[in-house]
Amino acid sequence: MNGNNTPPKGFDPKNMPKNLDPKKAPKGFDPKNIPQGAPAVLRDKKGNPIVVQSKYAQKPGARRPMRRGGPPGRPGMPGEKAKDFKGSLKRSIVYIGKFKWALLLVAVLCVLSSIANIFSPRVQGLAINVIDRAFRTGTLDTAALLRWILVLGAIYVASSLFSFIQQWTAIGVSQRLVRTMRSDVDAKLSKLPLKYFDQNTHGEILSRVTNDIDNVSNTLQQSMTQIISSVITLVGVLAMMLTISWILTLVVLCITPFYILVVYVIAPKSQRYFVGQQAALGDINGHVEEMFTGHKIVQAYGREDESIEEFDEINDRYYTYSVSAQFISGMIMPISRMLGNTGYVLVCVIGGMLVSNGMLPGIGEIQSFTQYVRQFNQPIQQTSSIANTLQSTIASAERIFEILDQVEEPADIPNAITIERPQGAVKFEHVRFGYTEDNVLMEDMSIDVHPGETIAIVGPTGAGKTTLVNLLMRFYDVNGSRTVTVDGSSYPVSGGEVKINGTVYKVKDGAVNIAGRSYPVEGGGITVDGVDIRDMPRSNLRSMFGMVLQDTWLFRGSIRDNIAYGRPDATDEQIVAASRAARADHFIRTLPDGYNTEINEEASNISQGQRQLLTIARAFLADPEILILDEATSSVDTRTEVLIQTAMNELMKNRTSFVIAHRLSTIRGADLILVMNHGTIVEQGTHESLLAANGFYADLWQSQFTAAHISEEDQERM
Amino acid sequence: MRLILHKLKPYRLLVFLTLVLLFASAMFELYLPSLMSDIVNKGIGATNAAGEVVGDTGTIIRIGAYMLLTSLLVSLTDFGANYVAARSSMGFGRDLRGDVFRKVSSYSLHEVDKFGTSSLITRTTNDVGQVQMMLSFGLRMMVNMPLNLIGGIIMAVTKAPSLAWIVAIAMPLLALVVVLNIKVTTPLFKVMQTKLDTLNRVLREKLSGMRVIRAFNNVDRERKRFDDANYDLTETSLKAMHRMTLMQPLNMLIFNGAALAVLWFGGWRAAEGNISAGDLMAFTQYLMQILMSVMMASMMFTMIPRAMVSINRIGAVLEENPSIDDPAKPISPSEKIHGKVTFDHVTFRYPGAENAVLEDITFTADPGETVAIIGSTGSGKSTLINLIPRFYDVAEGSVKVDGVDVRDMRKNDLRGRIGYIPQKALLFTGSISENIRYGKPDATDEEVRDAARIAQALDFIEAMPEGFDSMLAQDATNVSGGQKQRISIARALVRRPEIYIFDDSFSALDFKTDAALREALRPVSRESTVLIVAQRVSTVMSADRILVLDEGKLVGIGKHSELMESCQVYREIVASQLKEEDIA
């Protein structure tokens, strides 16, 4: 009784659209199927070929939608290939190994429900035969009908139950896997050196944690069972058909090659157009975003017409591609329906003749076959997308493994030295550093900072002042290590000790005393209170430092939590005291919820200057021995700027301070000025000595006045 | 909805054709099960005079040919419908998108502020996409659903009137289950989405604050924050998805239960001679068709509200008219004056705002003069200069350029005289030379180079591997902030405008570059008017005239030395930037 367009008997909930997102691609289009780098040659009205190429080339991660089930701008572009498919596949299998029992259950249940689905048309046919006989004879064999109906009911119940438990379990597995993966990646991220974050865009990392992991879990949840049920159905249905009639089976098999043709010829063709459509859509979005963001500039320079012209061109290209894509992909449905109907008619015709000749028991068998035509050819349609899904999943998994494989920051050394009462003496001893080996920024830098001194760092913007921060806080390690050379071989110094032939010698005053002879320690490093920072636990080192940078970092949460970030156990009194010292208390109290005011993500509810005051309060509360300050106060209004300056001066009292200085007072008053340019320290000394040297610093200093012409007279008035 | 109908007008023929073809396709489709039951009844089940089933091969082949023909017709009409539907819905989407884009392009800053840039972007891209999708989906649904439903019911009832009650029970039951399912799971999926946003936010914060987190030794705390969000999201997703899975056996129960009922009761009717096996098969097929339609319809109805929201959002954009337009009778300024800017008792307030942003501002800037504007944040500096290119219109008084009220000039005529450099350098995807040429499309290579030289951009541009042909990525992420600003300045310089407007454009530059740039600018701008908004005193000190703004009022005007004598606000600003100790 079943045929063309109706759902098969064992109505399969998997076929039901799960997500009613109207943004979803039209049916027949699976974005995962898009082959990569296959530009379709499409011609515009004038017959010129239109090349699929996106002007707004996607930078990895930059424009990917960060949402589940998003439109086809998917993880790592559709159909992306894994670099090492086999290796990554093996690893993925190992990774999901801990869920092996649950996955086995899913597989077994999937097999069972597929088998149940294979039997149901057969039993239906048998019931139909009973009914057919009843119609002809006028008497119903109630027992037989009841028997078949009960069997059929049992099959339905079993199939529903199996597929229900199977889906329930699959969801549980995939969600837990996602959680584990996210957690693993996050744990890894917290161990990676800063270098990794400086070299990879945030968008790229985010995309791996969200989109790629989602991709893997979706495959696990849906595609895996799809593969199993396809295979089982294919084999099972074939066997079932053969038991009924080999002639009809041959008829069904005759249709199959046409299905394959449709799936493997038309579908890829339409996918090419979908690639073009996607690229054009990306261009539309890019152009709209850019033009609307730059609206003011477009108008100021009177370029509205050009902008519209370009938009129309892209919009037309989108139209041309999408009409072709829709049309060709839309052909798949009618054609396969046509094939289905043909198979159906052939089964009816030939089956009918067989029944007439007595070669087939009854019309029930024909009925069963009409359903098997469908069931048999459906998996074939699915195989084409499975291969692509698998490819893109493994590519996603590979990108996740890439993070998990990154080299971690070296762990703290086992015999690390903790400084209990830090003083804040900082020494650079023959420091050599470069972000890469072939671009050394510091060749042999030595400075000696006593507790409480102020070091000003000056230089043009982008001179690499953050490098110093990176080194002091050990976000990056200096190049080379300390060694002691004894009898021509060198031994590494670690934790203030050196191990030579099994004996541990202590380093004292930069040398090791072995058998009455003193061997000097070679190589450079940074020390705090005499201890090489590589010999300290990172947490101990970093707790001595306080940072107030121009790029203020606040997280979503209350002002109180943000201030207490460095000391979560701080009391309210301490928080208020720190805010007072930071001159932030007043403005905090003017906010609607005072200290409980939530800072939103962009922290747009408080001004840039106020944000800076909050980070100063944070530093006050943490009470560090050494400070790293960025004085720049651009885009801060005058009143707040005065507050920030006062607060910073207050904070610097009795602390060793490294100040990225913009103010004349700080620069002049500094105990040492480091002049940086192009990422390296070009000069160092006091204000007077540097002026006397008449070098880069003197030049820089003068430039502040040439244009301004501050007269002595002016200065006196202030 | 009126909007949609209006925009559909050019496509009415195509839409009509689509409807006709879809109608035909659905009708042919409905005919198929009936033909199939004929094959069974009249062909296979043909009896001889003695009442034995002998089958009638001729009939089978004849009806089979009909069926093939019908299914061919179904496919052909489907092809056609598919093509015209694609043409009309995509064409409609293209037109609508173009209209929205054109409209927004004509907006003044006032309308842009009103909607917000990101909202305008979403409306032009996502919302139009939604409506387009609904149209292509809706066209099909509008025809298929009622036809399948009504046609299916009619056919089912005629085939087996005694079983019609099964349809009557299963139909509402299924609708109820589907709607219930959507009602229960949709809010859960919404919650899931916000939890996902939270997780992403935590991760984003973590990435941007990596240095601070490590500096404060808070790695473990952040790990926990992420794990909490992660756990929370997983629990919610599990709940939502499990809920949905729970509903599915119910759907299956209805479909399969109905099928079983048909067999059981059909058996009895068959024994009474009321229904043949062929009719029963056809009936089941119609029943499934009806139930599928019901399911689709229930889903469709939950989609409509969402599309309506999009339609309204697009409608709002299209109905908004730009507040600033070209005058009916534009006046061109005389050729003799070049770059004179006059503010005559100008007051400006944002629409609906109580307080004026600018109040009674009067001053004149003459060609060859450099006029600087200083004041604290919110004093109205940027607003003031935004009035010159007519980004906004004054509320009272007038702004004149070369003696003509800016409202009496053609916008392009006015803006063509101005080189505007915004606070935040906005560059476009493309090469550096394309970006500089944005100011003057027909500029020669020499002019572009010269503009870059004055803007202090030549050195770094030439240091780039491809020089002026180097491509800027979107948002120009591959050059630094200061470099972006210098390109943006070169873009204005290449025009050699009568009026330069620097809206705090120097703050991204260091002192040295700032000074060098202004030095190089001097000979070029000798004949032009230069207006500079600045925060730094050192930037404005050398100006011919300094305007001091405080809360929208002009509180001082004059040279640096004069203002140091007369203007308290100016002294305060200078004092805050050059502390007393600096003098010592």
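The values are calculated or read from the model by the stated rules, or taken from the named source; none is laboratory data. Because the structure is a prediction, the values reported are computed rather than measured. Positions of Cβ are backbone-derived with ideal geometry, glycine not excepted, and every protein chain shown enters the neighbour counts. For the accessible areas, the whole protein counts, side chains as well, though only heavy atoms, and no ligand, DNA or RNA atoms are used. Shrake-Rupley method; radii C 1.70, N 1.55, O 1.52, S 1.80 Å.
Data overview
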{"quantity": "Inter-chain shielding of B:37-46 (mean C-beta neighbours from other protein chains, 10 Å cut-off)", "calculated": "5"}
{"quantity": "Backbone HN-Hα couplings from phi across region A:89-96 [Karplus 6.51/-1.76/1.60, Hz, Gly and Pro as x]", "calculated": "5, 4, 5, 4, 5, 4, 4, 7"}
{"quantity": "Region B:221-273 and region A:120-177: distance between their alpha carbon centers, rounded to Å", "calculated": "18 Å"}
{"quantity": "Taking chain B and dividing mean pair separation by its residue count, relative contact order in percent (alpha carbons under 8 Å, at least six apart)", "calculated": "14 percent"}
{"quantity": "Positive-end residue of B:Val548, A:Phe327, A:Gly362, charge dipole of the protein assembly as shown with Cβ unit charges", "calculated": "A:Gly362"}
{"quantity": "Space enclosed by the convex hull of the alpha-carbon atoms of region B:166-257, per residue, Å³", "calculated": "71 Å³"}
{"quantity": "Acute angle (nearest 10 degrees) that the helix B:128-146 long axis makes with the longest principal axis of chain B, alpha-carbon atoms", "calculated": "10 degrees"}
{"quantity": "Amide H partners (placed H, <5 Å) of B:Ile331, local residues excluded", "calculated": "B:Met409, B:Arg410"}
{"quantity": "Extension reserve of the B:Glu562-B:Val157 stretch, reckoned as 0.36 nm per residue once the Cα distance is removed", "calculated": "136.0 nm"}
{"quantity": "Options A:Leu242, A:Val407, B:Ser488, ranked by Cα towards positive dipole end of the protein assembly as shown, top entry (Cβ charges)", "calculated": "A:Leu242"}
{"quantity": "Gained length - A:Ala515 relative to A:Asp487, 0.36 nm times residue gap less alpha-carbon distance", "calculated": "8.8 nm"}
{"quantity": "Built amide H within the under 5 Å cut-off of B:Leu531, gap 5+", "calculated": "B:Val371, B:Tyr500, B:Ile501, B:Phe502"}
{"quantity": "Those trypsin sites (Lys or Arg not before Pro) in region A:639-705 that DSSP places in a loop and that have at most 12 other beta carbons within 10 Å", "calculated": "A:Lys653"}
{"quantity": "Protein accessible area in chain B, 1.4 Å probe - carbon and sulfur %", "calculated": "58 percent"}
{"quantity": "Folded to 0 to 90 degrees: helix B:12-38 orientation relative to chain B principal axis, Cα", "calculated": "30 degrees"}
{"quantity": "Of A:Lys191/A:Lys427; B:Lys190/B:Lys239; A:Lys90/B:Lys206; A:Lys296/B:Lys553; B:Lys381/B:Lys553; B:Lys340/B:Lys484, pairs whose Cα-Cα distance is over 22 Å", "calculated": "A:Lys191/A:Lys427; A:Lys90/B:Lys206; A:Lys296/B:Lys553; B:Lys340/B:Lys484"}
{"quantity": "Accessible surface, region A:482-522, averaged per residue in Å² (probe 1.4 Å)", "calculated": "62 Å²"}
{"quantity": "For region B:225-232, 3J(HN,Hα) per residue [Karplus equation, 6.51 cos²θ - 1.76 cosθ + 1.60, θ = phi - 60°, Hz, x = Gly/Pro]", "calculated": "4, 5, 4, 4, 4, 4, 4, 4"}
{"quantity": "Per-pair calculated FRET efficiency, R0 = 56 Å: A:Asp448 and A:Asp316 via Cβ, rounded to 0.05", "calculated": "0.25"}
{"quantity": "A:Ser689 versus A:Cys254: modelled label distance in nm, points set 7 Å from Cα along the beta carbon direction", "calculated": "10.0 nm"}
{"quantity": "Accessible area of region A:482-522 belonging to carbon and sulfur atoms, whole % at 1.4 Å probe", "calculated": "48 percent"}
{"quantity": "Net charge contributed by nearby residues that have their C-beta within less than 12 Å of A:Ile244 (K/R +1, D/E -1)", "calculated": "0"}
{"quantity": "Accessible surface buried once B binds A (1.4 Å probe; total of both sides; Å²)", "calculated": "16200 Å²"}
{"quantity": "In Å², nearest 10: area of B:Lys9 left accessible to a 1.4 Å probe", "calculated": "110 Å²"}
{"quantity": "In Å², nearest 10: area of A:Asp699 left accessible to a 1.4 Å probe", "calculated": "80 Å²"}
{"quantity": "Folded to 0 to 90 degrees: helix B:481-493 orientation relative to chain B principal axis, Cα", "calculated": "80 degrees"}
{"quantity": "Among A:339-349, B:550-560, the order from most to least packed when residues are scored by Cβ within 10 Å on average", "calculated": "A:339-349, B:550-560"}
{"quantity": "Rounded Å value of the spacing that divides the Cα centres of region A:422-459 and region B:386-404", "calculated": "54 Å"}
{"quantity": "Partner chain coverage, peptide B:383-394 - average Cβ within 10 angstrom", "calculated": "1"}
{"quantity": "Spherically averaged projected area in nm², based on the convex hull that wraps the Cα atoms of chain B", "calculated": "40.7 nm²"}
{"quantity": "Highest to lowest packing among A:624-630, B:145-151, scored as the average C-beta count within 10 Å", "calculated": "A:624-630, B:145-151"}
{"quantity": "List of region A:346-387 residues, accessible area with partners at least 30 Å² below that of the chain alone (1.4 Å probe)", "calculated": "A:Cys348, A:Val349, A:Met353, A:Ser356, A:Ile363"}
{"quantity": "In region B:388-477, the GluC sites (Glu not before Pro) that fall in loop regions by DSSP, at most 14 other Cβ within 10 Å", "calculated": "B:Glu466"}
{"quantity": "Antiparallel DSSP beta bridges within the protein assembly as shown, as percent of all bridges there, nearest 5", "calculated": "65 percent"}
{"quantity": "Cβ neighbours within 10 Å from other chains - mean over A:124-131", "calculated": "5"}
{"quantity": "Relative pair counts by distance (%), Cα atoms of the protein assembly as shown, 20 Å bins", "calculated": "9, 30, 30, 19, 10, 2, 0"}
{"quantity": "Centre separation in Å (Cα based) which lies between region A:263-292 and region A:325-362", "calculated": "35 Å"}
{"quantity": "Residues of region B:91-244: accessible area per residue with a 1.4 Å probe, Å²", "calculated": "39 Å²"}
{"quantity": "Unit charges at the beta carbon, dipole of the protein assembly as shown: most positive-side option, B:Ala215, A:Met224, B:Ile166", "calculated": "B:Ile166"}
